[in-house]
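What follows is one structure encoded as structure tokens, with my remarks underneath.
The values are calculated or read from the model by the stated rules, or taken from the named source; none is laboratory data. Keep in mind the model is a prediction, meaning the values are calculated, not measured. We place every Cβ from the backbone using ideal geometry, glycine too, and count neighbours over all the protein chains shown. Calculation scope for accessible area: heavy atoms of the full protein, side chains included, ligands and nucleic acids excluded. Shrake-Rupley method; radii C 1.70, N 1.55, O 1.52, S 1.80 Å.
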Amino acid sequence: MGVTDPAGPVMDRDEVDRALARLGAEHEAIETSLLALQDHAGRRLLEGAELTGTTRERWTAAEASITLLWAYFDAYTDALRAAREIRSRRRWSSREDLVELTELLRGESVTVAGSATATANAPTLLSAAGRLSERFSLAALVERMNELYATSLDMVVTADAVWSALPARIDLLAAELQRTRKLAHSVGVRPGEHPAGDDLERITRTLTRLREEVVSDPLAFWVPTPGSSAPGGGRPDTAVYDREARALEEVRREIEAVLTVRQDAEARLIKLRDVLSRADRTLAEARTARVEVLAKIAATEVPVVSGPPTALQEQLATAAEYRRGGQWHRLSPLLESLEQKAEDELLRARESLTAVTAPLAVRAELRGRLDAYKAKVARHGLAEDPFLVERYDAARRMLWSAPCDLRVAEQAVLRYQQSVAEALGAPRVPRQSGPEDRRGE
């Protein structure tokens, strides 16, 4: 839409012709803009929508502005037609015609009558409150129409932009939400029974309310671009939508994790049973070894071996029941907890077996050392040495008797080592505080 030149002295014929040509072009541009506004999809949607809040207030004002725009345009059209009629009276306009044309084209010669309703709903449109008509020059009238058109178009474009962007995205997210809800129900994730089920209900309520608010008050979801004067300068506010989309994605990942549990549940339960069975066998072996140690090793403190934990077996039975009942949301955290506890139990059983069989390991080490020194003596041709034979037999009786006193047996093995070292001419073996293998030359 154009801007008319300001008023000046009496126009000559050429100035009049140029002004009429310019005003004619402006008239066509204004008419095209108004018709485009009239046919705008956003305006048609606004006319048929049940609006609330900010959008309702601004649309009431915009409707009044559009009504006044057409009234202004009609007055502009009449003034342009009148000017053209005066100019067409004569090929060479008289002085009186030029004065009249100058007044019509540059003076405040256009009177616009507006309805009381339009004036009340469009504040600042008329300079004086309560006035139902106003006089304009053609230039001022074009400027006023430009202002009204810009504000009306901005409102229409903004509402249309929000309606074009948000409801469709909300509908797509709602469809994804429904698919996730069905998937959640299939694995037993329901409101009141699982946090993810409660989240789905909350997201559903939020999206329903968000769509209703977007449809009825789109301008409430618009973020203007700072400093922009173009109609529709800004973007839809998607903060709420984005937050719920992220929440739904988190729920979907949790549901997929539960689905994975459903697929792997049997294999994980079998593995759990195997780990707990190995732990039980290890504990049984430790208990048997403890009896053996108490019978064969004297003066030794042997730790007590506890029985298998019944709590883990009970939880394992509960997990199997969850699997049979399809309660995958309950099975998932229980399996994770059981897997860690089962590994801990197997480690505890192995440590218990190691602690219980430690005296037997010491005895075995002493036996091995004694036989190694006997073989060394034989290699040096001293197998029949009476003193060495006596020392060997004494140590062997202690190590192969039951119960075996490890401290006394260790001293006997050490004496045999020392005797062998003396017989072979090697340095004397020092006394030791514990069993130690002194093999070699």
Answer label for mean projected area of the Cα convex hull in nm² (calculated), chosen among (1) 19.1; (2) 21.4; (3) 43.5: (3)
Length added when fully stretched, residue 296-residue 182, from 0.36 nm per residue minus Cα-Cα: 34.4 nm
Distance (nanometres) between label positions extended 7 Å along Cα→Cβ at residue 310 and residue 260: 3.6 nm
FRET E, pair residue 324, residue 350, Förster distance 22 Å, beta-carbon r, rounded to 0.05: 0.10
Extreme residue, positive dipole direction of the chain, given options 307, 218, 113 (C-beta unit charges): 307
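Rounded to the nearest whole Å², what accessible area per residue is found for the stretch 270-328 with the 1.4 Å probe?
On the way: 3390 Å² over 59 residues.
Per residue, the stretch 270-328 has an accessible area of 57 Å².
Which whole-number percentage describes the relative contact order of the chain, with Cα contacts under 8 Å and a sequence gap of 6 or more?
13 percent
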Mean-position separation - Cα centroids, the stretch 172-186 and the stretch 11-62, in angstrom: 46 Å
Reachable lysines from residue 296, criterion Cα separation under 25 angstrom, eight or more residues apart if same chain: 374
Signed unit charges on C-beta, dipole axis of the chain, positive-most listed residue 137, 240, 163: 240
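Explain nothing, just the number: dipole magnitude of the stretch 293-340 about its Cα centre with +1 on each Lys and Arg Cβ and -1 on each Asp and Glu Cβ, in debye rounded to the nearest 20. Provide the component values of the computation, followed by the final result.
Details: 4 positive and 5 negative charges, 31 e Å.
It comes to approximately 140 debye.
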Inter-probe distance in nm under a simple model that places probes 7 Å from Cα toward Cβ, at residue 47 and residue 400: 11.6 nm
Zone residues, the stretch 28-63, relative to residue 220, backbone N less than 20 Å from point 7 Å out along Cα-to-Cβ: 45-62
Between the stretch 290-336 and the stretch 216-274, the alpha-carbon center distance in angstrom: 41 Å
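Grab the DSSP H runs of the chain that are 4 residues or longer, score each as -39,500 (n - 2.57), total them, divide by all residues and round the 222 nm result to the nearest 500 deg cm²/dmol.
On the way: 13 runs with 316 residues, N = 441.
Value at 222 nm, helices only, nearest 500: -25500 deg cm²/dmol.
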